[in-house]
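Worksheet for the structure shown next.
The values are calculated or read from the model by the stated rules, or taken from the named source; none is laboratory data. Computed from a prediction, not measured in an experiment: that's the story for all the values here. So basically every Cβ, Gly included, is an ideal-geometry build from the backbone, and we count neighbours across all protein chains shown. Note: areas computed on protein heavy atoms with side chains; ligands, DNA, RNA excluded. Shrake-Rupley method; radii C 1.70, N 1.55, O 1.52, S 1.80 Å.
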There are 2 protein chains.
Amino acid sequence: MTTNNDQDHLIPIDHPRYESLKYRHKIIEGMKALVVAEAGLIAHGRGECFDYMLGEKTNETAKDAIEAAVALLLTATHPVISVNGNTAALCPNELVDLSEIINAPLEINLFYRKEGRIEAIKKVLEEAGAKQILGLDELKMVEIEELSSNRRNVDPNGIKIADVVFVPLEDGDRTEALKKIGKKIVAVDLNPISRTSIWADITIVDNIVRVVPEMIKIAKKLKETDEKNLKNIIKRFDNKKNIQFSLNTIIKYTKKQKKKTFIKLKKKNKNQNLIK
Amino acid sequence: MTTNNDQDHLIPIDHPRYESLKYRHKIIEGMKALVVAEAGLIAHGRGECFDYMLGEKTNETAKDAIEAAVALLLTATHPVISVNGNTAALCPNELVDLSEIINAPLEINLFYRKEGRIEAIKKVLEEAGAKQILGLDELKMVEIEELSSNRRNVDPNGIKIADVVFVPLEDGDRTEALKKIGKKIVAVDLNPISRTSIWADITIVDNIVRVVPEMIKIAKKLKETDEKNLKNIIKRFDNKKNIQFSLNTIIKYTKKQKKKTFIKLKKKNKNQNLIK
């Protein structure tokens with residue numbers, strides 16, 4: 001057990017939720033380093049909750065979505081990986097590896113701008129080994145007219161010319177805007193009914209920290225196969241079914257918890273002198 | 001529409017999620033003012049997600065739980081309201097009003113200690129009109145042996161002698177410890193299967209920002225009735241059923257979303273040139 005007075009280290013290493021708490025710690029440290037926006041912490045908490053209800057593992061439909069996503073990125077002419085603060089804080093090394101394997105540049109694209117944030121994220125990615133990072137020079141950015149927020153500015157050598165954009169942890173407005181200008185979108189979103197999930201061509205309903213390593217693994221394998229096989233994988237994938245299946249997982253999980261909780265509550269009522 | 005470059009004001013007032021975003025803003029501002037811990041932002045995000053799946057309204061079972069909670073607090077000899085950073089940031093005025101109406105002191109009790117946090121929360125509560133605040137003088141605190149975290153320290157005039165403790169937004173360890181030393185617990189927790197929810201005598205599965213105003217309303221009414229009526233309300237309430245009903249609400253909500261999403265996805269597929 002290691003506990004001390006630093007609020008971020010209060011949790012013992014043998015804590016049953018250690019894995020989840022480790023990423024929570026990364027997000028908090030990310031905020032202190034300017035990488036993550038304050039609202040990014042709240043978004044992370046929402047994700048934690050959905051992940052919890054999805055059983056905190058990569059289920060079969062997510063695996064299929066990951067395979068289709070990698071196939072789509074590998075067949076793209078100009079694939080781009082859009083990076084925000086939370087993804088940079090959670091899995092910078094994995095993003096850099098994926099970028100190299102699928103030959104897709106990383107583009108920093110933020111909803112919440114703040115003095116020094118782009119530089120902080122650039123530093124994290126460079127420390128993770130990134131050689132080429134787009135979205136750095138604000139003067140060179142071009143606008144996506146469909147979008148009113150800060151994110152309308154995209155790199156002329158990145159998202160602007162991309163045919164497939166990988167947008168982990170995206171906001172709905174931007175996914176919709178990118179779709180409207182004809183991009184194909186691969187999203188990672190733990191909320192299966194978010195606007196991003198609905199608008200994306202391929203929605204990976206899973207935790208980014210599990211998704212990117214799995215994408216790397218699949219990409220290494222699929223790179224060895226031919227274009228026809230990749231196109232077949234894409235063709236077989238049905239995002240409508242994928243989202244429906246993810247919702248089923250939540251329903252099943254909640255039903256299971258209902259049973260388990262009922263047993264716990266009955267036991268507790270027996271053992272304790274309670275109101276009833 | 002009001003949008004500007006300050007990240008906390010980026011959201012237009014006519015935004016469909018304005019209400020939720022308003023409280024998100026309060027939590028972020030609370031962190032900047034030291035009232036809320038960094039981990040409190042993540043906890044708020046988790047709450048947002050559960051609230052979303054509960055339909056973002058006070059359902060019938062939550063109303064029953066609120067009524068039973070108020071009845072239990074009104075029949076208590078020493079009721080105490082435990083206040084943490086998130087509750088102080090979200091609804092300080094309502095906490096002070098409730099404290100006066102049910103005649104239960106406010107006790108600041110924090111999981112994440114930090115230089116200046118107790119003072120910051122004290123200031124918020126005092127500005128909201130609080131006359132008596134417990135938990136301020138660390139030298140006078142006594143320990144609950146069952147608990148290892150910072151929260152083991154409680155006020156000798158508050159939680160130590162309380163028979164009923166109202167613990168909104170509590171962590172599981174503490175709820176369990178308070179139960180073990182014989183306190184009756186009223187909890188507010190949007191997660192119906194958290195340890196707090198399971199251990200509490202009365203679990204209000206609802207958003208604190210809706211719960212406290214409702215408690216005030218019910219308390220005004222119940223104060224006029226006799227002890228026998230209050231005891232009947234408590235006796236009628238079944239927390240096991242309450243939690244099961246809350247889980248049913250999540251299941252129903254997800255099923256409904258599944259239908260709605262299916263229609264949306266079918267429509268989208270028709271209108272767009274997508275992968276499939």
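So that you can scan it fast, the table gives a plain yes or no per residue for (1) touching a strand residue (DSSP E or B) at 6+ places or on another chain (Cβ under 7 Å); (2) more than 11 Å from A:Val83 (Cβ to Cβ); (3) within 14 Å of chain B (Cβ to nearest Cβ):
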| residue | (1), (2), (3) |
| --- | --- |
| A:Glu107 | yes, no, no |
| A:Gly116 | no, yes, yes |
| A:Val142 | yes, yes, no |
| A:Asp171 | no, yes, yes |
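Any residue in the stretch B:195-222 that is within 13 Å of chain A (Cβ to nearest Cβ) and touching a residue at least 12 places away in the same chain (Cβ under 8 Å) sitting within a Cβ distance under 8 Å of a residue that is part of a helix (DSSP H, G or I) and open to solvent by 30 Å² or more (accessible area, probe 1.4 Å)? List the pairs, counting only those 6 or more apart or interchain.
These pairs meet every condition: B:Arg195/B:Asp173; B:Arg195/B:Glu176; B:Ile198/A:Lys264; B:Trp199/B:Glu176.
I'm trying to understand the selection: among the residues of the stretch B:168-193, which are touching a residue at least 40 places away in the same chain (Cβ under 8 Å) and more than 20 Å from A:Cys49 (Cβ to Cβ)?
Answer for the stretch B:168-193, where residues must be touching a residue at least 40 places away in the same chain (Cβ under 8 Å) and more than 20 Å from A:Cys49 (Cβ to Cβ): B:Arg174, B:Lys184, B:Val186.
Under the condition of being part of a helix (DSSP H, G or I) and open to solvent by 10 Å² or more (accessible area, probe 1.4 Å), which residue from the stretch B:54-69 is farthest from B:Leu110 (Cα to Cα)?
So, considering only residues that are part of a helix (DSSP H, G or I) and open to solvent by 10 Å² or more (accessible area, probe 1.4 Å), the one farthest from B:Leu110 (Cα to Cα) is B:Glu60.
Please enumerate the residues belonging to the stretch B:81-98 that are β-branched (Val, Ile, Thr) and over 20 Å from B:Lys221 (Cα atoms).
Across the stretch B:81-98, the qualifying residues are B:Val83, B:Thr87.
If you scan the stretch B:161-177, which residues turn out to be within 18 Å of the chain's Cα centre (by Cα) and under 30 Å from A:Gly47 (Cα atoms)?
Selection gives B:Phe166, B:Val167, B:Pro168, B:Leu169, B:Glu170, B:Asp171, B:Gly172, B:Asp173, B:Arg174, B:Thr175, B:Glu176.
Residues in the stretch A:153-168 that are among the small types (Gly, Ala, Ser) and in contact with a His (Cβ under 6 Å, 6 or more places away or on another chain): how many?
Final tally of qualifying residues: 1.
In the stretch A:107-120, what count of residues is obtained for those that are touching a Leu at 6+ places or on another chain (Cβ under 6 Å) and either under 30 Å from A:Lys221 (Cα atoms) or modelled with pLDDT under 95 (or both)?
Of the residues in the stretch A:107-120, 3 are touching a Leu at 6+ places or on another chain (Cβ under 6 Å) and either under 30 Å from A:Lys221 (Cα atoms) or modelled with pLDDT under 95 (or both).
What residue, of B:Asp238, B:Asp206, is under 21 Å from A:Phe50 (Cβ atoms) and of a type in the set (Asp, Glu)?
B:Asp206
Please work out which one of (1) assigned to a strand (DSSP E or B); (2) within 12 Å of the chain's Cα centre (by Cα) is the condition A:Asp51 fails and give its number.
Of everything listed in (1) assigned to a strand (DSSP E or B); (2) within 12 Å of the chain's Cα centre (by Cα), A:Asp51 misses just condition (1).
Here is a list: A:Lys268, A:Lys258. Which entry is part of a helix (DSSP H, G or I), over 20 Å from B:Gln257 (Cα atoms), at the interface with chain B (Cβ under 10 Å from one of its Cβ atoms) and open to solvent by less than 60 Å² (accessible area, probe 1.4 Å)?
That would be A:Lys268, the only listed residue that is part of a helix (DSSP H, G or I), over 20 Å from B:Gln257 (Cα atoms), at the interface with chain B (Cβ under 10 Å from one of its Cβ atoms) and open to solvent by less than 60 Å² (accessible area, probe 1.4 Å).
Output yes when any residue across the stretch B:36-43 is among the β-branched types (Val, Ile, Thr) and either in a helix (DSSP H, G or I) or open to solvent by 30 Å² or more (accessible area, probe 1.4 Å) (or both), and no when none is.
Checked against the condition, which is being among the β-branched types (Val, Ile, Thr) and either in a helix (DSSP H, G or I) or open to solvent by 30 Å² or more (accessible area, probe 1.4 Å) (or both), the stretch B:36-43 yields at least one hit.
When you look at B:Ala76, is it modelled with pLDDT of 95 or more, more than 17 Å from A:Ala43 (Cα to Cα) and surrounded by 21 or more Cβ atoms within 10 Å (Cβ to Cβ), yes or no?
Answer is no for this residue.
Do we have B:Ile108 as touching a helix residue (DSSP H, G or I) at 6+ places or on another chain (Cβ under 6 Å) and without any contact (Cβ under 8 Å) to a residue 40 or more places away in the chain here?
The answer is yes for B:Ile108.
Can you tell me which residue among A:Ile133, A:Ile101 is without any contact (Cβ under 8 Å) to a residue 60 or more places away in the chain and surrounded by fewer than 22 Cβ atoms within 10 Å (Cβ to Cβ)?
A:Ile133
Rundown of residues vs (1) within 14 Å of chain A (Cβ to nearest Cβ); (2) aliphatic (A, V, I, L, M); (3) closer than 17 Å to B:Val212 by Cβ; (4) out of contact with any helix residue (DSSP H, G or I) (no Cβ under 7 Å at 6 or more places or on another chain), yes/no style:
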residue	(1), (2), (3), (4)
B:Glu38	yes, no, no, no
B:Leu41	yes, yes, no, no
B:Ile102	no, yes, yes, no
B:Glu119	no, no, no, yes
B:Lys122	no, no, no, yes
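Inspect the stretch A:141-150 for any residue being touching a residue at least 40 places away in the same chain (Cβ under 8 Å) and buried (at least 20 other Cβ atoms within 10 Å of the Cβ) and give the result as yes or no.
For the stretch A:141-150, residues touching a residue at least 40 places away in the same chain (Cβ under 8 Å) and buried (at least 20 other Cβ atoms within 10 Å of the Cβ): absent.
Of all helices (runs of 4 or more DSSP H) completely enclosed by the stretch B:159-232, which ones contain at least 2 residues that are surrounded by 21 or more Cβ atoms within 10 Å (Cβ to Cβ), modelled with pLDDT under 95 and not aliphatic (A, V, I, L, M)?
Qualifying helices (runs of 4 or more DSSP H): B:172-180, B:195-199.
Check the stretch A:233-242 and report whether any residue there is in contact with a Gly (Cβ under 7 Å, 6 or more places away or on another chain) and surrounded by 17 or more Cβ atoms within 10 Å (Cβ to Cβ).
no
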